[in-house]
Each structure stands twice: as C-alpha cells, then as structure tokens.
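Asker: Here you go, one structure.
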Amino acid sequence: MTLIDTLQTSFKTVVSYRIRSLLIILAMALGVAAVVILTAIGDGARNYVINQFSSIGTNLLVVLPGRAETSGSFLGAVLGQTPRDLTLKDAQLIGRLPYVRRYAPLNVGEAELSAANRLREVTVLGSNANLIPIRHMKLAQGSFMAPGTENNAQIVLGAKIAREFFPHTQAIGQRVRLGDSRFLVSGVLTAQGETMGFNTDEIVIIPIDFAQTLFNTTSLFRILIEAKNHSDIEPAKRAILATLKQSHDGEEDTTVITQDAILATFDKILQALTLAVAGIAAISLIVAGILVMNVMLIAINQRTAEIGLLKAIGATSGDIRRLFFAEAVWLSLVGAVLGFLLGQFGSLLLRLTFPQLPAWAPAWASVAGILVALATGVLASLFPANRAARLDAVKALGKK
Amino acid sequence: MIRLTDINRIFQMGDQAVHALNHIDLRIASGEYVSVMGPSGSGKSTLLNIIGLLDKPDSGRYELDDRLITDLSEDELAQIRREKIGFVFQSFHLIPRLTAAENIELPLILSGMPPEQRQIRVNDALQAFELQQRAHHRPAELSGGQRQRVAIARATIMQPSVILADEPTGNLDHQIGAEVMLLLEALHHRGTTLIVVTHDRELGARAHRQIGMRDGRILTDQDNDTH
Ligand SMILES: Nc1ncnc2c1ncn2[C@@H]1O[C@H](COP(=O)(O)OP(=O)(O)OP(=O)(O)O)[C@@H](O)[C@H]1O
Ligand SMILES: [Mg+2]
C-alpha cells in the first residue's frame, strides 16, 4: 500500500466518522488554541508592563534614602527606616559625576490648588527643569524653569488640571494659589494618561525650593538620574553609592535602584508566568491525546471485523498499523492547525477589544502548541495502531 | 495446486482441547471445483482459513503451488493472500462506509496499483457483475444479492488462482443464492480453483468433487461422475 493511498484512505475514514472526528479535532483545537491565546495574553501583559516601565525614562536610576536590609531587595529599602535624609547637596554632588547625563531631585506632596473660583487637592512634584525630560514627560505649551527664570514662582499644570481650571482660557500666564503661595502658570503638560499607576495628567510641578518651603522640609524624597548610556548604568550606580557614602560620613544609608534591574525582574517574572500558563494549557493537549487514544481504541473495537477483512484481502500488519496511525495523525494535524488559527483569531479579538494589550502569541508558543498536539496524538495512537495490527485475522473476521 | 499433509489444528478452550482439524491430508489440483460439507463444528471454516493462509496449522505441511507455506513470514503470507487468494464470506464483509466501487477497489489499493489502472479494473469488474448502476451506493443501500456480487467482485479483482467461499449463499434466499453460485462457477470455468463450504446438499452436489467432514476429519471425498 503506497503512502499516498494510506493517507487518502485514512483521510476518507476520518471524514466518514464525522461527529467522532469533529469532537476529537475540537478537543485538540481547543488545547492548541488555549496555548496560543493564554501565551498571547501572558506575553502581551509582559510587553505591556515593559513598555510602560520603559516609557517612564531611559537609563534611569533612582536614589532613595535608607539602606536595603539585604542587598538587591529594593522592597526593604522602600519600607525601611530613613536613617539620614537625602539633600539637595547630595543631588548636586551626583550631578557632577562623569556617568550622569542629568539629574532631578524630587519632592512629592499634596496641596490645595485654587484659581478662578475653583479649588482642589493636587499632587505636587517639586524638582528642577530636568524632571520633565528624565521622566519622559512633555510640555504641550510653555516652559519650566527656563534659563534665567529658575527662581521665579512658576508652576506646570497636568493636562487635566489645566483643562479643569481653565476650560475656556489660556492657562499660561494665569495666577494660581498653591497652599499659601502664589504661582504663575509657566507650562502645561501633554496628556499622557496613566503609566505604572501614576497619572501625570493630574499633577502640578513647581521648582524644588518652593516645594521644600511648601512642605516645610529640607530633605528629598528621591533623586532621579539619567545615565549617559546603557553601559554607564552600573558604573553610575557604584559612583553614586560611593559619593553618597562619603557625603554621609561613611554611612551606607542610601539605596540606588536601576530601571534596568527592575525591568529585568519584571521580564523574568512575567516570562515565567507565561510559561506556566502555557504549561497548564498544554495539559489540555495531553487530555486531548488521551481522548485520541480512547477513540482509536473504540474505533478498533468497532472495526475489528473490518481489520480481519483487510487481512483476508492481503493487508500486511504494517498496512493496518499505518492506516490507524495515519487516521490519528490526520485528527491531530487538523486539530492542531485549526487550534492555531482559532488561537490567532482569539488573539486578534483580544487585541481589538483591549488595544493597550499587545496580545501576540510568541512564535515558540504556537510552534510548541502544534508540536505537542501532534506528538500527543501520534504517541497516543501508537498503542491502538499496534493493537489493530496484531489482531488475529480469523478471530477478527468472526466478530460482528 | 494445494497440498495439505497431516495438518492439525487444535484450539484450547479452557482446559479442553478442540481438535478442529485432525490429521488432514488433502490435495486439490489447480482449476478444481470442490465443495466442503459437514455438520456444524466439523472444521470446514478452519480448513478454509488454513488454505487461505488466514490461520496457521499447529503441525503438518502446507504447500501452495509447490511453495512450502509453513515457514513464510507474515508479510509474505499477506502478499500471497493478496495475489493468489480471494475470499467470499457468508456475511459479505463489506466496509459499510465505502461505496460498492470503493469496496471492490480495496485489494488493488493494498497491492499498490496506481489509481488510473485501478479505475479501469474496477469499472470492468462493475460491468462484469452488473453493478454499474450501484457503483456509488453503500452496502446498506444494496440488496443481499448485490452485496455478495460486490464481495465476489472484490475477491476476484486481483485475478486470484483460488477462490475460497465460506457459505456464500448462507444469507441469501434460494434463488439469489443460485445466481451467486452461477457467478462463482463462471469463475471456475475460466480456470480458477473454487472451494465452497456449504450446508446445502443441492448446491454442494454441483461441485465436481465433494468433501465430507466430521469432527475435524475428512470422511468422504468423492468425484462427481456427471462431469
Ligand atoms: N478461535 C477458536 N477458538 C476455539 N475454538 C474454535 C475456534 N475456532 C473454531 N473453534 C472450534 O473448532 C471447531 C471447528 O470449527 P469450524 O468453525 O471450523 O467449524 P465449521 O465446520 O465451520 O462449523 P459451522 O458449519 O458452524 O461454520 C469447532 O468445534 C469450533 O468450536
Ligand atoms: Mg464455518
């Protein structure tokens, strides 16, 4: 029996047992589709987080007061005590380091903003002119701490705040009151929406000196630093730590987090998550494989007399093994391809429904899904096909 | 030429041994027309299965066309079945999901014949057995006589030298059975060896040689002198 005839004959069999075949194909297809869609979601989430995190800056380092209990764990630093404050002087020292392109000291607080008969609580960032480029924010209009105006009482409004307070008039040049002080609106931020849970549309930015007066403090909340190049991140980190140690009388009481390290951690966690999800989906493929085996065994039982007849008219054991094997391969193959298409279609629907989520199944997942489906189908059919091939012809013929 | 020498076939049923074929010696020349009769359980089907290479004797020699069958491999046996032997069964054994034409085509597919040649042979067979109108019908849509004609067409499509028919008319009424017998006898007239197992004395008497079996032994073996 030729290979083509084997494939054709088994394909015809698959087609004639329509319902049975559809059910197996569906089981296979759903398994593969689950792998494709779930990894698309997983990888989409990973890319989403990474894009968001990348968008808050480039080659970014953040200095925070306090020492991580165990090195590398920034959580400890965030939650830990603050033995010694970061100061503007520290920030200026860091600014002079060779690997540092620019730095922005940062204070954050809440204050009441009032103007044009409106009043609301806003988040206030105090910093210098570098904050806007370092944090990848953009000014839609105006400027912030333009050269020569550094000491003026100026304020930049988030896009939403500007719209709320000055819906019909130009915001720039307007006077507003923040806490007890008066500021002149010098700029308006471009709307960005939320990134990493922080909405720059609803903040205001004032010069760091005014912020420290407003919040009555001399210490800094953070220092943001942009390294010159990607390769400068690690040397910059070491230099910053050394500088701060010196300025803090030899105490290592600050922590430097790099955007890169956090990004890598996120990447690792989310990749592991995607893999785990793919693994769980793959279990459904194993279930589909068991289904194939079960259905093939039932088929052999139902077609025992037919197997006997084939032997009587001269089929070899090999012919019969290959016929049943090919039948299972068809079922798995059609199921796998259908599942792949279904998965791609599902991912497309996801992307259309959630445009922020880049739900593209990674190529490895699609390939692995199809291969696992084929492998389980093929493996699951080996035993039944062998069993069919070994049937005793006379006994098989006698069965009705 | 079929030559069986001291053939034994024993089935073990629990702790009881059934001697289905008991020291059988039998020679059937090419082109003979033989009927095998005997009570139920006398070993007729077992004899036919061994001649048709579907079953193997527990002891004894079997030569087919001067070739010793007893130590051939499974695949060699399959090839001989494919090329030299045609089976016709009482219950037709057609594959229900295939059409009449496809059922007839099966042995050709197994032999690896290219599709164009298969088509020609199948069309010839359909014509020879007056099945053209039924070519694309499935067995369920055929009458008993038509089904057995399809089965005979399938058994003869490879132009075997031996036709083995195990109660070919057992599921047919008398008249249709007679027609089927005429078809089988026509094959014999063209030189094919024909061995028919039957319970029907009248049909059995049409054969030129009649073998009577009982308890796994050949009791009678007579030539019909009318021929
Ligand atoms: N696979 C088997 N296992 C056990 N015993 C068997 C088997 N096949 C046949 N036999 C026994 O061998 C004996 C001969 O059986 P066989 O089928 O050859 O009889 P038969 O002459 O064809 O009978 P019938 O006219 O009823 O078809 C019977 O006693 C039967 O029970
Ligand atoms: Mg019988």
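Asker: Mind checking which residues of the stretch B:189-216 are more than 16 Å from ligand 2 (Cβ to nearest atom) and either in contact with a Lys or Arg (Cβ under 6 Å, 6 or more places away or on another chain) or not β-branched (Val, Ile, Thr) (or both)? Break it down into steps so the answer makes sense when it comes.
Answerer: Of the residues in the stretch B:189-216, the ones more than 16 Å from ligand 2 (Cβ to nearest atom) are B:189-194, B:201-202, B:205-210.
Within the stretch B:189-216, B:HIS189, B:ARG190, B:GLY191, B:LEU194, B:ARG201, B:GLU202, B:ALA205, B:ARG206, B:ALA207, B:HIS208, B:ARG209, B:GLN210 meet the criteria.
Asker: Determine whether the stretch A:240-252 contains at least one residue that is acidic (Asp, Glu) and crowded, with 18+ Cβ neighbours inside 10 Å. Can you show your working first?
Answerer: Pass one, the stretch A:240-252, residues acidic (Asp, Glu): A:249, A:251-252.
After this cut, where a residue has to be crowded, with 18+ Cβ neighbours inside 10 Å as well, the list is none.
No, because not a single residue in the stretch A:240-252 is acidic (Asp, Glu) and crowded, with 18+ Cβ neighbours inside 10 Å.
Asker: Any residue at all in the stretch A:284-305 that is more than 23 Å from the chain's Cα centre (by Cα), assigned by TED's automatic domain parsing to the domain that holds A:GLY343 and in a loop (DSSP other than H, G, I, E, B)? If you could, list the steps in order and put the result at the bottom.
Answerer: Let us first name the residues in the stretch A:284-305 that are more than 23 Å from the chain's Cα centre (by Cα), namely A:284-305.
From the residues that got through so far, the ones that are assigned by TED's automatic domain parsing to the domain that holds A:GLY343 too are A:284-305.
Subsequent filtering for residues that are in a loop (DSSP other than H, G, I, E, B) retains A:303.
Checked against the condition, which is being more than 23 Å from the chain's Cα centre (by Cα), assigned by TED's automatic domain parsing to the domain that holds A:GLY343 and in a loop (DSSP other than H, G, I, E, B), the stretch A:284-305 yields at least one hit.
Asker: Any chance you could count how many residues in the stretch B:12-38 are within 12 Å of ligand 1 (Cβ to nearest atom) and surrounded by 12 or more Cβ atoms within 10 Å (Cβ to Cβ)?
Answerer: First pass over the stretch B:12-38, keeping only residues within 12 Å of ligand 1 (Cβ to nearest atom): B:12-14, B:16-22, B:24, B:36-38.
Next, from what is left, pick out any that are surrounded by 12 or more Cβ atoms within 10 Å (Cβ to Cβ): B:18-22, B:24, B:36-38.
The qualifying residues number 9.
Asker: (1) at pLDDT 95 or above; (2) within 16 Å of ligand 2 (Cβ to nearest atom): which one isn't true of B:ILE28, the others all being true?
Answerer: Going through the list (1) at pLDDT 95 or above; (2) within 16 Å of ligand 2 (Cβ to nearest atom), B:ILE28 breaks only (2).
Asker: Same structure again: Criterion first (of a type in the set (A, V, I, L, M, F, W, C), modelled with pLDDT under 95 and either in contact with a helix residue (DSSP H, G or I) (Cβ under 9 Å, 6 or more places away or on another chain) or more than 16 Å from ligand 1 (Cβ to nearest atom) (or both)) does B:LEU106 satisfy it? Lay out the reasoning, then the answer.
Answerer: Numbers: of a type in the set (A, V, I, L, M, F, W, C): yes; modelled with pLDDT under 95: no; either in contact with a helix residue (DSSP H, G or I) (Cβ under 9 Å, 6 or more places away or on another chain) or more than 16 Å from ligand 1 (Cβ to nearest atom) (or both): yes.
Taking the combined requirement at face value, the residue does not satisfy it.
Asker: Also: Quickly run through the stretch A:183-229 and pick out the residues that are under 27 Å from the mean Cα position of the chain (by Cα), within 30 Å of A:LEU93 (Cβ to Cβ) and surrounded by fewer than 19 Cβ atoms within 10 Å (Cβ to Cβ).
Answerer: The answer is A:THR195, A:MET196, A:PHE198, A:ARG222, A:LYS228, A:ASN229.
Asker: In the set A:ILE286, A:ILE298, A:ILE313, which member is away from chain B (no Cβ under 14 Å) and either touching a strand residue (DSSP E or B) at 6+ places or on another chain (Cβ under 8 Å) or modelled with pLDDT under 90 (or both)? So that I can check it myself, show each step before the final result.
Answerer: Numbers: A:ILE298 fails: either touching a strand residue (DSSP E or B) at 6+ places or on another chain (Cβ under 8 Å) or modelled with pLDDT under 90 (or both); A:ILE313 fails: away from chain B (no Cβ under 14 Å).
The unique qualifying residue is A:ILE286.
Asker: Right, next: Of the residues B:SER91, B:SER73, B:SER35, which is polar (S, T, N, Q) and more than 16 Å from ligand 2 (Cβ to nearest atom)?
Answerer: Values: B:SER91 fails: more than 16 Å from ligand 2 (Cβ to nearest atom); B:SER35 fails: more than 16 Å from ligand 2 (Cβ to nearest atom).
Just one listed residue meets the conditions, B:SER73.
Asker: Further question: Name the residues in the stretch B:126-163 that are of a type in the set (A, V, I, L, M) and within 14 Å of chain A (Cβ to nearest Cβ), would you?
Answerer: Initially, the stretch B:126-163 is screened for residues of a type in the set (A, V, I, L, M), giving B:126, B:128, B:131, B:135, B:140, B:142, B:150-153, B:155, B:157-158, B:162-163.
Within the stretch B:126-163, B:ALA140, B:VAL150, B:ALA151, B:ILE152, B:ALA153, B:ALA155, B:ILE157, B:MET158, B:VAL162, B:ILE163 meet the criteria.
Asker: Next question. Scan the stretch B:66-80 for residues that are of a type in the set (S, T, N, Q) and at the interface with chain A (Cβ under 9 Å from one of its Cβ atoms) and jot them down. Step through it out loud before you land on a result.
Answerer: Our first condition is that a residue be of a type in the set (S, T, N, Q); within the stretch B:66-80, this holds for B:70, B:73, B:79.
Of everything in the stretch B:66-80, just one residue is of a type in the set (S, T, N, Q) and at the interface with chain A (Cβ under 9 Å from one of its Cβ atoms), namely B:GLN79.
Asker: Determine which single condition B:SER42 fails, assuming it passes every other condition in (1) of a type in the set (Ser, Thr, Tyr); (2) within 17 Å of the chain's Cα centre (by Cα); (3) over 29 Å from B:SER111 (Cβ atoms).
Answerer: The failed condition is (2).
Asker: Here's another thing I want to ask about it. What residue, among those in the stretch B:157-213 that are within 13 Å of ligand 1 (Cβ to nearest atom) and of a type in the set (D, E, K, R), is farthest from B:LEU142 (Cα to Cα)?
Answerer: Residue satisfying both the conditions and the ranking: B:ASP200.
Asker: Do we have any residue at all in the stretch A:388-398 that's of a type in the set (Lys, Arg) and within 16 Å of ligand 2 (Cβ to nearest atom)? I'd like the intermediate steps shown before the answer.
Answerer: So the first thing to find is which residues in the stretch A:388-398 are of a type in the set (Lys, Arg), and the list is A:390, A:395.
After this cut, where a residue has to be within 16 Å of ligand 2 (Cβ to nearest atom) as well, the list is A:395.
Yes, the stretch A:388-398 has at least one match.
Asker: Mind checking whether some residue in the stretch A:349-366 is among the small types (Gly, Ala, Ser), in a helix (DSSP H, G or I) and free of Cβ contacts under 8 Å to residues at least 60 places away in the same chain? Let's see the steps before the verdict.
Answerer: Quick first cut of the stretch A:349-366, residues among the small types (Gly, Ala, Ser) only: A:359, A:361, A:363, A:365-366.
Restricting the remaining residues to those that are in a helix (DSSP H, G or I) gives A:363, A:365-366.
Subset that is free of Cβ contacts under 8 Å to residues at least 60 places away in the same chain: A:363.
The answer is yes; a qualifying residue exists.
Asker: Something else: Could you say which residue among B:GLU102, B:GLU63, B:GLU83 is within 13 Å of another protein chain (Cβ to nearest Cβ) and either more than 14 Å from the chain's Cα centre (by Cα) or among the aromatic types (Phe, Trp, Tyr) (or both)?
Answerer: Details: B:GLU63 fails: within 13 Å of another protein chain (Cβ to nearest Cβ); B:GLU83 fails: either more than 14 Å from the chain's Cα centre (by Cα) or among the aromatic types (Phe, Trp, Tyr) (or both).
Only one candidate passes the filter, namely B:GLU102.
Asker: Do you know which of the residues in the stretch A:125-159 that are under 33 Å from the mean Cα position of the chain (by Cα) and in a loop (DSSP other than H, G, I, E, B) is nearest to A:ILE208 (Cα to Cα)?
Answerer: Here the residue is A:ASN128.
Asker: Given the residues A:GLY318, A:GLY346, which is the only one that is over 49 Å from the mean Cα position of the chain (by Cα) and either surrounded by fewer than 23 Cβ atoms within 10 Å (Cβ to Cβ) or within 13 Å of chain B (Cβ to nearest Cβ) (or both)? Give the steps one after another, and end with the answer.
Answerer: On the way: A:GLY346 fails: over 49 Å from the mean Cα position of the chain (by Cα).
Unique residue meeting the criteria: A:GLY318.
Asker: Which one of these does B:LEU48 not meet: (1) away from chain A (no Cβ under 14 Å); (2) within 16 Å of ligand 2 (Cβ to nearest atom)?
Answerer: Here B:LEU48 clears every test but (1).
Asker: For B:SER40, indicate whether it is among the polar types (S, T, N, Q) and within 15 Å of ligand 2 (Cβ to nearest atom).
Answerer: Numbers: among the polar types (S, T, N, Q): yes; within 15 Å of ligand 2 (Cβ to nearest atom): yes.
Yes, satisfied.
The values are calculated or read from the model by the stated rules, or taken from the named source; none is laboratory data. If you're wondering where the values come from, they're calculated on a predicted model, not measured in any experiment. FYI the Cβ positions are ideal-geometry reconstructions off the backbone, even for glycines, and counts take in every protein chain you see.
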